[in-house]
Structure formats: structure tokens, C-alpha cells
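Take a look at the structure set out below.
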Amino acid sequence: MQTSSSTIPIETTDFQPEWESKGNSGHFLEKGKIDLSHGEILYIEDLVVSFDGFKAIKGLTLDILSGELRCIIGPNGAGKTTMMDVITGKTGPRNAQVSGRVFLGQTIDLLKLKEPQIAQIGIGRKFQKPTVFENLKVWENLELARKSNKSWRVALTAKVNQDAIEDMEKTLLQIGLEKEAYIPAGELSHGQKQRLEIGMLLMQKPELLLLDEPAAGMTDEETMQLADLLNQLRGTCSIVVVEHDMEFVSALSGETGIVTVLAEGAVLAQGTMEHVKNDPAVIESYLGR
Ligand SMILES: Nc1ncnc2c1ncn2[C@@H]1O[C@H](COP(=O)(O)OP(=O)(O)O)[C@@H](O)[C@H]1O
Ligand SMILES: [Mg+2]
């Protein structure tokens, strides 16, 4: 659990001039300082990522609008997880060969930031396996997540008790665990644990939430509960969901939401679910198998 990152000033010297040249006065990366003036929260252009010569991402261009809930599908090995690794700074120029552009809003070059800094500006990520504290009660898990809010500004300005109580109540309702608040997280079902972990991310007030196969291992009922939860979050933050379960993706995208199909490290098709489902290249590479 990271507790010290909330006050880390940006030390990356090559980041500073660009930040300042755009007219931003702050020397700290801070949530709420993301420039959304062009409507995009995330902009990826011509991204190429190789590991010792093996290209996992081969010219990926993708943009996500602020407030959007975008589903990304694609066969195993398409580069979906690698893309999330790059957005969150787990993979970057320090440990892979990376070219192209990955921007948060108009001004924040994610390829120049380290993992803790990226968490600090408000990108929350959920991995496939739930990582809750099994011995702690549900509400205690949420409280721990709130305290480790990566933003010192939020932490310092919060009216501690009242805000904490309101956040807790709101989040418990959102994740549908009001009745389970007092039981140890270890006693929750798999689906409930996954929802708790999303709740823990919400307590950190993310601007962008990345979910890597959140419905994996869930029953049909749990999957639809998760879809309801994510649909409710629309507008609270921008969300990118990587998923295999097509019913789940349909429930999230509805008739008008954009679905992106990745294959072999690039966008194969993009459009409504109806559009991508009928795309011959998608049927050939993914759905038909
Ligand atoms: N750190 C790494 N080193 C070497 N190869 C990797 C690494 N990370 C991912 N890859 C390779 O990149 C390709 C894309 O993987 P991944 O992003 O996990 O795909 P997906 O999540 O779409 O299934 C795979 O062939 C995988 O083996
Ligand atoms: Mg993956």
C-alpha cells in the first residue's frame, strides 16, 4: 500500500519544461488539472511497443473521450494488457522499446511519467484478480483506499469526517455492498470482491479507470451486476474496459457505445457493437473462432 507518494513532487526534469510551456503553473501533477479542452481524456497515436525486438503493439492509434465508457475486445495476445501497462507506466521507455504518443488530456505525456505519478494524477487500474484485504471488513477496505488517495490536495482539503462518511456511503451503495459493510472481505463471493475492488478504486476518485477483464470468473448474474455498476458510473469518470465476454460488452456499449477491436497490436475495427460484430475482419480474426 502506497502512503508516501501523495506528496512526491515531479522530479522528471524532461517533463517540467513541457508542463510549464503549456502555461500550467503547478509543479505538481494533480487530479483535476487534466486539460480536457478538446474533449479527450486519453489519446494514443502510432504507439509501438517492443520487448527485445518482439512487437506487442504495432502502431496503435486510439482516443477516448472524457466521460466515455469504452469497451476493448480482441483475441489473446492482441496487446490489450500491454496497452494498459503503457498507460499506467508499468511498461515504458525504461523497460521496453516504445515510440509514439500517449497523452492524458492535451498536455500530460504519460510516456514521460513514472507509475506512482500516473496513479497520483488519477488513473486507477484494476487487474484481473481481486486484491482486497481479506481479513479486513468491507468498509475497512474502502477506508484504507480512501486514506491512500494519491492526491495530497484532496487529502488535505477534505473535511475529514463528513466527507469520509459520505464517500463511504455513496461507494457502498454504488457497489451494492451496503449489507456486507461489516463482514470480512474474505467472506465475499468472487463477484462481490471484484465490486469491492472497484469501490476501492472509486474511493481514490479516479479521472480514468482501466479494468482488465473484470468479468473473468464471474457467474452470469455477477457479470450483469458488474455491468449495472459500470453503467451507473458513466459520467463519474472515464472508463476503459478490456473484456472477452460479449454479453457483458453488449450490456455496456448498448446500441450507440463505441467498441474497439484490437488484433495483433493495432485497431482492427471500431464502431457500435452491431457494426464490429458484422465486420468481416473481426469475424475472421476473433468472433468466428
Ligand atoms: N513484458 C513482456 N515481455 C515480452 N513479451 C511480452 C511482455 N508483455 C507482453 N508480451 C507479449 O506481447 C503480446 C501481447 O500480450 P498482451 O498485451 O498480454 O495481450 P492481451 O492482453 O491482448 O492478451 C503477447 O504475445 C505477449 O506474450
Ligand atoms: Mg490481457
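Values in this text are rule-based calculations from the coordinates and carry no lab data. Just so it is clear, the model here is predicted, and its values are computed rather than measured.
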*Give the Debye-formula value of log10 I(q)/I(0) at each listed q (0.11, 0.20, 0.23, 0.24 Å⁻¹), with one equal scatterer per alpha carbon of segment 43-125, two decimals each.*
-0.27, -0.93, -1.24, -1.34
*asked:* As a quick test, which of the pairs Lys58/Lys126; Lys126/Lys193; Lys90/Lys205 have an alpha carbon distance above 22 angstrom in this structure?
replied: Lys58/Lys126
_Please report the projected area of segment 56-95's Cα convex hull averaged over all directions, in nm²._
3.5 nm²
*asked:* Please list, ordered by chain and number, the residues whose modelled amide H lies under 5 Å from the amide H of Arg125; skip anything fewer than 5 residues away on the same chain.
replied: Leu210
_Using the Karplus curve 6.51 cos²θ - 1.76 cosθ + 1.60 with θ = phi - 60°, what ³J(HN,Hα) values do you get for each residue of segment 105-116, in whole Hz, with x for Gly and Pro?_
x, 7, 10, 9, 7, 5, 6, 9, 10, 8, 3, x
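Mind checking the alpha-carbon convex hull of segment 216-275 and giving the volume per residue in Å³?
On the way: hull volume 5.6 nm³, N = 60.
It comes to 93 Å³ per residue, whole-number rounded.
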